[in-house]
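Single-structure report; data block below.
The values are calculated or read from the model by the stated rules, or taken from the named source; none is laboratory data. Quantities reported herein were computed from a predicted structural model and do not represent experimental measurements. FYI the Cβ positions are ideal-geometry reconstructions off the backbone, even for glycines, and counts take in every protein chain you see.
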Amino acid sequence: MKVFGTVSLLALGLLPFANGQSQKPAISLDEFMNATEIHDARIAPDGSAAVLALSSPDWQHNRFKDELWLWTKRTGKLIPLTQSGHDSSPAWSPDGRYVAFLSDRSLNDSGSDDDKDGEPSRIWLIPVNGGEAFPLYREKLDAHTFAWSADSSNIDFSVTEPLSKDQDEAHKAEWKDVIRWREQERGDVLLAIPVSTALQQSSKTPEAHQEEKTAADKPQLPAAARVIAHSSLAIDEIVPSPSGSQIAFETGSISHRLENPSETEMFLVAASGGDAKQLTHNNGLESHLTWDPAGKRIYFLVQAGGGSIEGPYQDAQGRIYALDLNSEKPARLGADFPGSWGDFTVMADGKLIAAGLTGIDQHLYRIDGAHAEGIATVSGDYAHVDAALHGNTILFTHSTITDPAQLYVADSVSKLDEVKPVTSLNPIFAERAQVSWEPYRWKSDDGTSVEGVLIYPPGKKGEKHLRMLTLIHGGPEDADGNRFGADWYDWATLAATNGWLVFRPNYRGSTGYGDDFSQAIMPHLVSAPGRDILSGVDALVKDGIADPDHLTIGGYSYGGYMTNWLITQTTRFKAAVTGAGAVEHAANWGNDDLTFDDAWYLSGTPWEKPDLYQSEAALFQINKVTTPTHIVGGNADVRVSYLEQVLLERALQRLNVPHTLLVFPGENHPLDKNPWHGYIKVREELKWLEKYGK
């Protein structure tokens, strides 16, 4: 049900092209931006059920609604498990009785927004077979991550090392509201709380004006909490061993700024508590820690662009490793695979199943040593793969450019290509006129083969001289392919519905085409991929597909970097829409939360490579720009400071180039606070393209 007034594309002057595809109407902006997204999906330990974390816009409350839904094999139906709108990160108890999750819902009224302000993200539990959710603890502590113990008796979790009341008051008295940059940062403490204690507390009726009493000189921790370990860094992942005797955890930067990869390492501690032992010492960012069933190895992923554990820092494609706990040496798995590894899971029999990206498709593979065998290869994008703790059941999602992501549950890996979806999310897209698409390949200026995707307006595939939007993906460690997208970032199909041929180039720097291809932009961070993109535009014009008089360009994040750069290299684009992209690299190196990554791409710091920092920056060639440019950014962005957008706006104002700047209050790099911000972004970008690009 719509809860906001319709703003149709017709009213915006964005007329959909007529087509003969069963005379279905074009999707409206309202419908497109109202999509529900699967953020997480977890299979029950015995494979009999699955929990989904779904996110959808809550237009009335200016926020996104995050809820958990339950699917059971017995009924085949998807029903709401929680309804507060604040719930995420579900995890099954190993005995299958509970689902734990993170939520900043109010303690007083789990379904109300009235008292939510100031609430931390606590851990909550809900019985799967009926009953109300209850908190693991009531103290105002933000849980960073959590995990169930192997026997379901405890939940282990991390919080910032709390101050005692005396320490907190002394700090406030001395420093008032002054922020002591770095000096006031505190690491995490790893805690365990018995579930039985939380259940007992939840059954009690709180007394009027009841207050938890903690000694003024003691840390303000839950009374039932047991300290397992202290860390000078943040604790971002926790994985108890299958036997329950040990806990592995992954650390990270307290400030969440990647200034030194050595802050992201794996540790091991006894579940009974004690000093933690560091297991890794490398330049990679380990994640997705998973024990093998025998408890002898820990599998982990180094995501694309996450550094490398093999030698000096480098941004390679996604790689999977197994750490042997006896030798403490990691071994690379699936090394023969030419693409980029992503999500993975470990089956009950120890077999490793992973999602791997090659070209425009991401399929599922069984990994055995260095080898990888495709086991689910229907064209499209497989993700959220998760195996049951017992048995052979496996869960995953699958989508294509025109088919929204749906959940699939298979009894075994033998017939994954034949399994049917168990959800039917976002049905409106099947009821609207569908775009057509095809891969497109061309040679760059140096003869390198490059691939991308062309998305045609409904009924226009095969036609010539179409007006074209070149929409550039972010990253750069990413790739545009055969997967569904419908939001403020991925609006290519909506642009196509509005009469634009959309060109999505996978320039050098993209993943899925080999490490050499993805690393070929270092140290020429924008000029090298820029030549790939312009060569693709040239090829489309030469082939007669794109109309040279109606070319436009856009992108967000690294796509914004490239848009800003390319409008300094050519005047062929009639309009540009750019967001969260830097126009220079020195200040951005200092402000970016991925500062170490930035320095690697440019082969050094600003004082080590000043010439590259200048030659690869749009700012120092901005006087060449004539393209009318629409700019957006969030004023709380820690990835690319919105002041980069202000700098671009100031330059275009000085040069009298038509432009506009929209700033979204409180938004970080992803526009995930207020759905209206993303809605207005896409609405205004479409209007800008229509105004200047036609």
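For P25, are the conditions met, namely being loosely packed, with under 14 Cβ neighbours inside 10 Å, more than 23 Å from Y382 (Cβ to Cβ), of a type outside the set (D, E, K, R) and modelled with pLDDT of 95 or more? Walk me through how you get there before you give the answer.
Numbers: loosely packed, with under 14 Cβ neighbours inside 10 Å: yes; more than 23 Å from Y382 (Cβ to Cβ): yes; of a type outside the set (D, E, K, R): yes; modelled with pLDDT of 95 or more: yes.
In short, yes.
Return only the number of the condition from (1) touching a strand residue (DSSP E or B) at 6+ places or on another chain (Cβ under 7 Å); (2) in a helix (DSSP H, G or I) that S196 does not satisfy.
(1)
Taking the conditions exactly as written (under 19 Å from E451 (Cβ atoms) and within 28 Å of the chain's Cα centre (by Cα)), does G559 satisfy them or not? Before the answer, list the steps.
Details: under 19 Å from E451 (Cβ atoms): yes; within 28 Å of the chain's Cα centre (by Cα): yes.
Criteria met by G559.
Just checking: which of the helices (runs of 4 or more DSSP H) contained wholly in region 581-645 hold 1 or more residues that are within 26 Å of G252 (Cβ to Cβ) and more than 24 Å from the chain's Cα centre (by Cα)?
Working: elements: 586-591, 595-601, 610-615.
Filter on region 581-645 gives 586-591.
Right, S158: at pLDDT 95 or above, hydroxyl-bearing (S, T, Y), touching a His at 6+ places or on another chain (Cβ under 6 Å) and under 29 Å from G273 (Cα atoms) or not? Reasoning before the result, please.
Working: at pLDDT 95 or above: yes; hydroxyl-bearing (S, T, Y): yes; touching a His at 6+ places or on another chain (Cβ under 6 Å): yes; under 29 Å from G273 (Cα atoms): yes.
Considered against the rule, which asks whether it is at pLDDT 95 or above, hydroxyl-bearing (S, T, Y), touching a His at 6+ places or on another chain (Cβ under 6 Å) and under 29 Å from G273 (Cα atoms), S158 comes out as yes.
Can you spot a residue in region 450-459 that is within 30 Å of P312 (Cβ to Cβ) and outside any strand (DSSP E or B)?
No, region 450-459 contains no residue that is within 30 Å of P312 (Cβ to Cβ) and outside any strand (DSSP E or B).
Counting only residues that are more than 23 Å from the chain's Cα centre (by Cα) and at positive phi, how many does region 74-105 have?
2
For region 365-390, which residues satisfy the criterion of being in contact with a Ser or Thr (Cβ under 9 Å, 6 or more places away or on another chain), more than 21 Å from P293 (Cα to Cα) and assigned to a strand (DSSP E or B)?
I375, D381, Y382, A383
Any idea which of (1) in a strand (DSSP E or B); (2) within 15 Å of V526 (Cα to Cα) is the one H550 doesn't satisfy?
The number of the failed condition is (2).
Could you please give the count of residues in region 561-570 that are within 21 Å of L501 (Cβ to Cβ) and either crowded, with 24+ Cβ neighbours inside 10 Å or in contact with a Lys or Arg (Cβ under 8 Å, 6 or more places away or on another chain) (or both)? Even if it seems obvious, please write down each step before you answer.
Within region 561-570, the subset within 21 Å of L501 (Cβ to Cβ) is 562-563, 566-567, 570.
Filter again for either crowded, with 24+ Cβ neighbours inside 10 Å or in contact with a Lys or Arg (Cβ under 8 Å, 6 or more places away or on another chain) (or both), leaving 562-563, 566-567.
Here the count works out to 4.
Against the definition (more than 30 Å from S308 (Cα to Cα) and within 23 Å of the chain's Cα centre (by Cα)), how does E685 come out, yes or no?
Numbers: more than 30 Å from S308 (Cα to Cα): yes; within 23 Å of the chain's Cα centre (by Cα): yes.
Yes: the conditions hold for E685.
Looking only at region 252-273, count how many residues are within 22 Å of N591 (Cβ to Cβ) and either among the charged types (D, E, K, R) or not assigned by TED's automatic domain parsing to the domain that holds S231 (or both).
In the first step, residues of region 252-273 are kept if they are within 22 Å of N591 (Cβ to Cβ); the result is 252-264.
Next cut, either among the charged types (D, E, K, R) or not assigned by TED's automatic domain parsing to the domain that holds S231 (or both) only: 257, 259, 263.
The number of residues fulfilling the criteria is 3.
Identify the single condition in (1) at pLDDT 95 or above; (2) buried (at least 19 other Cβ atoms within 10 Å of the Cβ); (3) over 19 Å from D40 (Cβ atoms) that L416 does not satisfy, given that it satisfies every other one.
(1)
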